[in-house]
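Working notes for the structure below.
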Amino acid sequence: MPDFRAYCRPPESEPVEICLPAEESHHLITVNRCGRGDPVVVFDGRGREWITECIEASKSAAVLRVKKSTTAAARPAALTLAQVLPKGATMDDIVRQATEVGAAQIIPLLSERTQVQLDGERAEKKVEKWRTTAIEAAKQCGNPWLPEITSVQNLSSWLSTAQDFDLKLIASLHAGATPLPDVLHQYQLRQGTRPRRVLWLIGPEGDFSPSEMTQAITHGFLPITLGPLVLRSDTAAIYALSILSHELQK
């Protein structure tokens, strides 16, 4: 695989040449120092990739000649991370690592104990930043698929819309929560197959409130324990996604 990777929005038809926008051109030519004649893999975040050659090394409008196109195989399972926003820049790290382990969708949420409050234009800017972070992560790790990152939503109202999943899981510190491998094993025993659409819900630093946990369980979420230690929200998110990816992406 060539060392250079770039992202482009899905084209309407099969391209002969790809002209990158200014931001991608700057990153490819100025930051990564791609030059004329260098091979570049361009991906659209939906599984399409083009093997190209740089024919115009412009830092504002790089032009790449397409030599070959490929389509990545569809993922055997779609993993969705519903993450209550942690404080600081932790969400950036979660988005980056979730992209690296193959999350198909990321849903940022606000809950009763969320310490970060976002609304309106500020929330939209955050979402755009996370989408850029996902692109950077996909370029770094070679992932041809980008996660869909939704708008910021309120946990309580979102729970009733969380449908069309084979399994809905919520991280829990309470007694009686089931280990994640056991839930996957029980599902396969009942259904005769692995789940293909899994939703993983992670709370903020202060965990979910009792009423939020009750509401989630009422809407079909299974409480899951990740072991005897209390994990940070970002650690819990990536830990669980990694296990799910290992078990389901086979």
Could you tell me which residue of segment 197-225 is surrounded by the fewest Cβ atoms within 10 Å (Cβ to Cβ), considering only residues that are of a type in the set (D, E, K, R) and at pLDDT below 95? 205
Report yes if some residue within segment 186-194 is in contact with an Asp or Glu (Cβ under 8 Å, 6 or more places away or on another chain), more than 29 Å from residue 89 (Cα to Cα) and part of a loop (DSSP other than H, G, I, E, B); otherwise report no. yes
The number of residues in segment 93-138 that are among the small types (Gly, Ala, Ser) and under 17 Å from residue 201 (Cβ atoms) is 4
Conditions (1) touching a residue at least 12 places away in the same chain (Cβ under 8 Å); (2) more than 16 Å from residue 71 (Cβ to Cβ) -> residue 41 fails only (2)
Can you find a residue in segment 167-184 that is small (Gly, Ala, Ser), buried (at least 18 other Cβ atoms within 10 Å of the Cβ) and in a helix (DSSP H, G or I)? no
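The values are calculated or read from the model by the stated rules, or taken from the named source; none is laboratory data. Treat the numbers as computed from the prediction; the structure is a model and nothing was measured. Cβ coordinates were reconstructed from backbone atoms using ideal geometry, including for glycine residues, and neighbour counts include every protein chain displayed.
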